[in-house]
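Here is the structure we will look at.
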Amino acid sequence: MNGESGAPALPDAARDREAAEREKADIRFMRRALKLAEKAAALGEVPIGCVIVRDGRVIGSGYNRRLTDHTTLAHAELIAIRKACRRLGDSRLEGCTMYVTLEPCQMCAGALVQSRIDRVVMGCRNPKAGCAGSILNLLQEPAFNHQVEITEGVLGEECSQVLQTFFKQLRVRLKSEKAARAADAGEEEEAEKQDSDTAEAVKAAAEAGEPCSPKAD
């Protein structure tokens with residue numbers, strides 16, 4: 001028989017186990033999202049990956065494809081939402097959790113509220129466009145008829161590093177391309193200058209009555 005002093009221990013232990021299992025699951029699924037972010041980077045896209053989970057199973061996934069698909073709608077979150085809804089045969093994602101490597105923008109945050117998703121787990125903040133707490137918090141706007149639970153910072157360093165590496169490599173590539181264009185432009189300018197000098201010489205020779213082209217002796 002449990003005494004009063006021992007009674008709270010069981011619920012606390014159960015909560016601790018549940019929290020530990022949830023944290024383990026969060027890390028596992030965020031790693032899945034990171035793998036998808038790497039696919040985006042391989043396409044030259046900003047590396048953002050996303051998975052949607054229900055009852056411990058991935059039911060939708062996506063990665064950034066805006067440049068590849070030529071549409072601003074090809075965000076990782078929207079692709080994953082579309083796949084998950086198709087899988088469930090429902091426009092609502094109740095009972096689901098989204099794992100995304102970067103904080104959702106205003107478009108994706110709005111779609112998440114509309115989807116009635118339960119929870120969003122994000123890797124790192126998006127200070128320039130994030131709408132899950134950075135600029136706005138659309139996921140928990142009290143005036144809306146649905147609020148989303150937010151967990152942030154799961155594998156945050158890894159998610160941030162993927163983005164930093166991508167943009168560092170992008171800057172190096174753009175700088176190299178700019179230098180190459182400048183070199184090509186310099187060569188063209190030099191060629192144009194030589195053509196101009198030749199034309200001036202020919203004109204001067206013609207005015208002086210000299211032959212415009214060399215003759216054999």
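The values are calculated or read from the model by the stated rules, or taken from the named source; none is laboratory data. All values derive from a computational prediction rather than experimental measurement. Cβ placement follows ideal geometry from the backbone for every residue including glycine, while neighbour counts extend to all protein chains displayed. Heads up: the accessible areas ignore ligands, DNA and RNA and are worked out on the full protein's heavy atoms, side chains in. Shrake-Rupley method; radii C 1.70, N 1.55, O 1.52, S 1.80 Å.
Summary table below
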{"quantity": "Any chance residue 134 is open to solvent by 20 Å² or more (accessible area, probe 1.4 Å) and either within 21 Å of residue 45 (Cα to Cα) or over 15 Å from the mean Cα position of the chain (by Cα) (or both)", "calculated": "yes"}
{"quantity": "Criterion (aliphatic (A, V, I, L, M) and in contact with a His (Cβ under 8 Å, 6 or more places away or on another chain)) met by exactly one of 113, 46, 121", "calculated": "113"}
